[in-house]
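Comments concern the structure below.
Derivation of every value follows stated rules applied to the coordinates shown; laboratory data play no part. Because the structure is predicted, anything quoted here is derived from the model rather than measured. Positions of Cβ are backbone-derived with ideal geometry, glycine not excepted, and every protein chain shown enters the neighbour counts.
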């Protein structure tokens, strides 16, 4: 019983943290001056950061063998703390909504115009209509999928990517899986 109380208190703490982060991001987005100040940071060598956070989420899910990393060391135009939050939210969801024994792929790739961070799974996925409604307080198939919280994680990741000049996209098929990608503009070399 003590372990269940402890797990519940951790979920509540995470919920409160996510609510505060979401509110803070909405205030930043409302003020162009604050939004531009947010874009100053960048992560020059993200591989270790992504590896650490994705591995932690895999361990928390009890699924370290299901994690597959494909990471290029490309500079990402977002501060370490915000990239960490995106990695945590997307990998946690991938493990949460896919079955043990199925792979979760965490990727960072570079193209001539962008740096793209992606997380793919073979889980419950999203219906095409659902991907149009990503937002705070939005959960999908709550009756079918055991969910706790307010659905803020994906909204926070989306807002962070957008505030840094990027876009979040979802390629998914219901009951087959999903690939969620955060595409950031490529950092220009000096």
Calculate for the chain the 222 nm mean residue ellipticity that helices alone would give, adding -39,500 (n - 2.57) per DSSP H run of length 4 or more and normalising by residue count, nearest 500 deg cm²/dmol.
-14000 deg cm²/dmol
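Expressed in nm², what is the orientationally averaged projection area of the convex hull enclosing the Cα positions of the chain?
Numbers: hull surface 45.2 nm².
Quarter of the Cα hull surface area: 11.3 nm².
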With everything on Cα atoms, drop me the angle between helix 80-96 and the longest principal axis of the chain, reported from 0 to 90° to the nearest 10.
30
Expected sort for 62-74, 89-101, 4-16 on mean C-beta neighbours within 10 Å, highest first, is 89-101, 62-74, 4-16
Debye log10 I(q)/I(0) at q = 0.18 Å⁻¹ for the range 22-121, Cα point scatterers
-0.86
May I ask you to compute the full-extension gain from residue 16 to residue 44, defined as 0.36 nm times their residue separation minus their alpha-carbon distance, rounded to one decimal in nm?
7.1 nm
For helix 152-163, report the angle its Cα long axis makes with the longest principal axis of the Cα atoms of the chain; keep it between 0 and 90° and round to the nearest 10°.
10
